[in-house]
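Quick notes on the structure that follows.
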Amino acid sequence: MYFGVLTKNPIIDCGLLAWFLAQLMKVILDLVLLGAAGWKRFFSSGGMPSSHSALVMACTTSIGKLYGTGSPVFAVAAVLSAVVMYDACNVRRSAGDTARLVNKLLEHLEQLTAEELAGNLREVMGHTPLQVLMGALLGFGVGMLAAP
């Protein structure tokens, strides 16, 4: 099955499809678990599953399927996927934890004006290891759509 309808490149198309499905799943999960969902959630990062992980794993999987897992291009894709998923799980998550703590501190500083407090930091930036794993599995599945 040739999967390259959107961009004429099956690797990019698999990545885009995996990203789209992960973002759509976030909206659906919010609707089911929280009883409300908005399309704003579709365009945000963080949450279950990791769309970053889904995108890079779909690209890496499709490259492996099309060019073989021994190819240099697969090696580069695999290393870059590992970096993206590590960043999503560790660096970006730590930044989100820091934002959460700063927001709590700001709530208790009475001397600040309303204008200064209005710009809280964004707290949902990274992913838990489970969210990264689920995104990676989604990406792997979509990446298998690429035909050799």
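The values are calculated or read from the model by the stated rules, or taken from the named source; none is laboratory data. Every value quoted in this text rests on a predicted model; they were computed, and no experiment measured them. No Cβ is skipped: glycine too gets one built from the backbone with ideal geometry, and neighbour counts run over all protein chains shown.
Residues considered: N120, N90. Of these, the only one that is at pLDDT below 75, closer than 25 Å to V27 by Cα and more than 20 Å from the chain's Cα centre (by Cα) is N120.
Scanning region 46-62 for residues that are under 17 Å from V83 (Cα atoms) and either hydrophobic (A, V, I, L, M, F, W, C) or modelled with pLDDT under 80 (or both) gives G46, A54, L55, V56, M57, A58, C59. For H108, the test of being at pLDDT below 90 and closer than 14 Å to H127 by Cα is failed.
For A146, the test of being at pLDDT below 70 and touching a Pro at 6+ places or on another chain (Cβ under 8 Å) is passed.
The set of residues from region 14-54 being assigned to a helix (DSSP H, G or I), without any contact (Cβ under 8 Å) to a residue 40 or more places away in the chain and over 12 Å from the mean Cα position of the chain (by Cα) comprises V27, I28, L29, D30, L31, V32, L33, L34, R41. If you go through region 22-30 one residue at a time, do you hit one that is within 30 Å of S71 (Cα to Cα) and modelled with pLDDT of 90 or more? Looking for residues that are within 30 Å of S71 (Cα to Cα) and modelled with pLDDT of 90 or more, one finds at least one in region 22-30, hence yes.
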